[in-house]
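Down below is the structure, laid out as structure tokens.
The values are calculated or read from the model by the stated rules, or taken from the named source; none is laboratory data. This structure is a prediction, so every number in the text was calculated from the model and none was measured. All Cβ positions, glycine included, derive from the backbone under ideal geometry; neighbour counts span all protein chains shown.
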Amino acid sequence: MKLINLQGVTKRYQSGEVSVTALKSVDVEIDTRSFVTFIGPSGSGKSTLLNLIGCLDKPSQGKVFINNVDVGLFNRTEAAAFRGKTIGFVFQNFNLIPVLTVYENVEYPLLMLDRLPPKERRDRILQLLEKVGMTDQKDKYPNQISGGQKQRVAVARALVTNPQIVLADEPTANLDHATAFKVINIMHEMKNAFGTTFIFSTHDPKIVGEAEILYTLEDGMITHREIKNKQ
């Protein structure tokens with residue numbers, strides 16, 4: 001059984017009287033513990049694809065299965081609960097909460113989920129902060145750390161709920177070359193340590209070079225699939 005299976009997925013958006021087709025009959029299969037990248041020009045459907053996998057939107061046609069569950073059948077409450085337990089998100093602009101410390105930003109998703117005993121919650125947060133090299137910055141606020149450090153915190157926050165899937169939309173676009181590679185290497189380490197599947201939407205050649213499976217999208221369609229060496 002595939003972790004993620006998209007079958008004949010089409011997504012249309014209505015803009016006034018105009019219907020825009022963002023995805024056209026897309027088929028995708030992704031295994032557990034994968035490092036997958038979707039590339040293509042702006043408007044090719046990359047972000048739409050991530051939104052569907054992330055249960056932030058529903059297909060107009062076709063099916064999206066995660067763990068053999070048709071997530072397109074979820075209502076809003078069910079989709080939110082599924083996201084909270086199964087999916088982590090890493091954003092281009094980090095999306096850290098400015099009034100919370102580094103520690104509190106990583107803790108936040110846990111407070112939205114099942115109640116963990118305080119010691120278990122603290123141990124999990126500190127373990128991830130150590131993994132991403134941010135333990136010594138845990139009491140600082142987002143405006144007191146660099147862009148690369150913010151992205152490390154965002155990775156820790158995405159992983160703190162032990163999700164099976166992490167979706168990352170242009171996660172290195174605002175980072176310099178060296179820092180971007182550090183963040184990518186951290187993600188590889190997390191994949192190997194926790195069995196997490198990472199799925200990227202990007203233009204960044206640094207991520208493209210690190211992908212294990214590379215999908216190319218053009219005009220809402222998958223035009224190429226390349227399997228590269230496993231890390």
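Worth a mention:
- Selection of the range 125-136 for residues being at pLDDT 90 or above and surrounded by fewer than 19 Cβ atoms within 10 Å (Cβ to Cβ) yields L126, Q127, E130, T135, D136.
- Residues that are over 17 Å from Y13 (Cα atoms) and either crowded, with 21+ Cβ neighbours inside 10 Å or of a type in the set (S, T, N, Q) (or both) within the range 54-66 comprise G54, V64, I66, listed in sequence order.
- Selection count, the range 24-49, where residues are surrounded by 20 or more Cβ atoms within 10 Å (Cβ to Cβ) and closer than 22 Å to R12 by Cβ: 9
- Residue list for the range 125-142, restricted to those being assigned to a helix (DSSP H, G or I) and within 14 Å of I97 (Cα to Cα): P142
- Any pair with Cβ under 8 angstrom, 6 or more apart, that starts in the range 60-85 at a residue that is farther than 25 Å from E107 by Cβ and ends at one that is among the aliphatic types (A, V, I, L, M) and loosely packed, with under 12 Cβ neighbours inside 10 Å: N67/M1; N68/M1
- Members of the range 1-35 found to be polar (S, T, N, Q) and under 22 Å from the mean Cα position of the chain (by Cα), listed by number: N5, Q7, T10, T32, S34
- Taken over the range 143-155, the criterion of being in a helix (DSSP H, G or I) and in contact (Cβ under 8 Å) with a residue 12 or more places away in the chain is satisfied by N143, G147, G148, Q149, K150, Q151, R152, V153, A154, V155.
- Those strands (runs of 3 or more DSSP E) lying entirely in the range 156-231 with at least 3 residues crowded, with 18+ Cβ neighbours inside 10 Å and touching a residue at least 40 places away in the same chain (Cβ under 8 Å): 165-169, 197-201, 213-218
- Selected residue (only one of N143, N174 is at pLDDT 95 or above, over 13 Å from the mean Cα position of the chain (by Cα) and over 21 Å from L126 (Cβ atoms)): N143
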